[in-house]
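**Student:** This structure is in structure tokens; I'll ask about it shortly.
The values are calculated or read from the model by the stated rules, or taken from the named source; none is laboratory data. Values in this document were obtained by computation on a predicted structure and should not be read as measured data. Virtual Cβ from ideal backbone geometry, glycine too; neighbours counted across all protein chains shown. Just so you know, the surface numbers come from the protein's heavy atoms only, side chains and all, with ligands and any DNA or RNA stripped out. Shrake-Rupley method; radii C 1.70, N 1.55, O 1.52, S 1.80 Å.
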Amino acid sequence: MNRLRGGRFFTKLDLADAYLQLELEDDAKQLCVINTPFGLYHIIECVLELPLVQLSFNGVMDTLTQKLPGVA
């Protein structure tokens, strides 16, 4: 929390279910297919609420924010 010392503005982001916007890797896209009456549908984004997906999202957010000043 030392990175927040001296801060004047604080915010909290609501990222509930934001991991559903992460795009799947190419290999995973080939495995995630739904059979519909109109044909096969390849899933390109995370649609399942799996603990592993949530952990991956946490890693992405940590990577994106680690070099931002004043972010903890």
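**Student:** I'm trying to understand the selection: among the residues of the range 12-48, which are outside any loop (DSSP other than H, G, I, E, B) and either open to solvent by 100 Å² or more (accessible area, probe 1.4 Å) or on the phi > 0 side of the Ramachandran plot (or both)?
**Tutor:** Listed by number, the residues that qualify are 21, 23, 26, 27, 30, 31, 35, 39, 40, 41.
**Student:** What pairs come out if I take residues in the range 17-42 that are without any contact (Cβ under 8 Å) to a residue 24 or more places away in the chain and pair them with residues that are of a type in the set (Val, Ile, Thr) and not in a loop (DSSP other than H, G, I, E, B) whose C-beta lies under 8 Å away, six or more apart or interchain?
**Tutor:** Listed pairs, sorted by first residue: 40/33; 40/34; 41/33; 41/34; 42/33.
**Student:** Among (1) of a type in the set (Gly, Ala, Ser); (2) modelled with pLDDT of 80 or more; (3) at positive phi, which single condition is residue 59 missing?
**Tutor:** Result: residue 59 fails condition (3) only.
**Student:** Let me ask something else about it. Output the residues belonging to the range 46-56 that are more than 15 Å from residue 15 (Cβ to Cβ) and either at pLDDT 70 or above or not hydrophobic (A, V, I, L, M, F, W, C) (or both).
**Tutor:** 51
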